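See below for the structure under consideration.
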Amino acid sequence: MTEARKSFDFAIKDAEDLLIRFDNENSSALERNSEALKRAGMVMAFSAWETYVKDRFKEEVSVWLCSVNGSLIGNFVQRKVDEDLKRFFNPNAERTKMLFKNYFEIDITNSWKWDNYHPPQARKMLNDLVSKRGGAAHQANTCLETPHLIKRDELDKAIRFLKGLVRAMDRYKV
């Protein structure tokens, strides 16, 4: 298990805790609007995913650069890595693929196989969820009549999906 995976397993608990809190508040007799917890849970789940991708990438780069660490070429590549990671956000399938392809000449998304998912379905699901996460993060719910952007089962499914995706990607040896 990579260090990136260990960090992900810790970070995804924030999203899981928000889902539990949503369930607890929803079953309470108190009048509360706990819908924000689902949106926050989606954002936290994807924060854990983004952190995993960056950390996993950095782990692979550090192995790749160990023999040239501190040299001119090593320093040059490390600066390029740092610049690329500063611009790396919302890691959908294409962005994740290109990050690993540009440095290691591999399509990391081909490793996204587990349970009932194969790479094409996993790519599509990730892209759909990243889009939904964008809506949750950048679109305020301003009307009580508007249907909720994130449904409870969607957040639960997103968390399970990301955990499966990380397990599958973590098994892949770059």
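Most tightly packed first, judged by the mean number of other beta-carbon atoms within 10 Å of their residues, the peptides 164-171, 37-44, 65-72 read 37-44, 164-171, 65-72. In this structure the amide hydrogen of Ile106, modeled in the peptide plane, comes within under 5 Å of the amide hydrogens of Lys101, none closer than 5 places in sequence on its chain. Based on Cα contacts under 8 Å between residues 6+ apart, the range 1-142 shows a relative contact order of 24 percent. Among the listed pairs Lys86/Lys163; Lys80/Lys163; Lys13/Lys54; Lys38/Lys58; Lys38/Lys97; Lys13/Lys151, those with a Cα-Cα distance over 26 Å are Lys80/Lys163; Lys38/Lys58; Lys38/Lys97.
Protection proxy ranking of 7-13, 112-118, by the mean of other Cβ atoms within 10 Å over each peptide's residues and highest first, is 7-13, 112-118.
Sites count as exposed loop sites when they are GluC sites (Glu not before Pro), lie in a DSSP loop, and have at most 12 other Cβ atoms within 10 angstrom; the longest stretch of the chain without one is 32-104.
Dipole size of the range 12-133 about its Cα centre, with +1 on Lys/Arg Cβ and -1 on Asp/Glu Cβ: approximately 360 debye, rounded to the nearest 20. Net charge in the neighbourhood of Lys97 (other residues with Cβ under 10 Å of its Cβ; Lys, Arg +1, Asp, Glu -1) is +1.
Counted by Cβ distance under 15 Å from Phe76, the other residues give a net charge of -1, where Lys and Arg count +1 and Asp and Glu count -1.
Read the figures in this text as sums done on the coordinates, not as results from a lab. Since this is a predicted model, take the numbers as computed values, not measurements. As a convention, Cβ positions derive from the backbone with ideal geometry for all residues, glycine included, and neighbour counts pool all protein chains shown.
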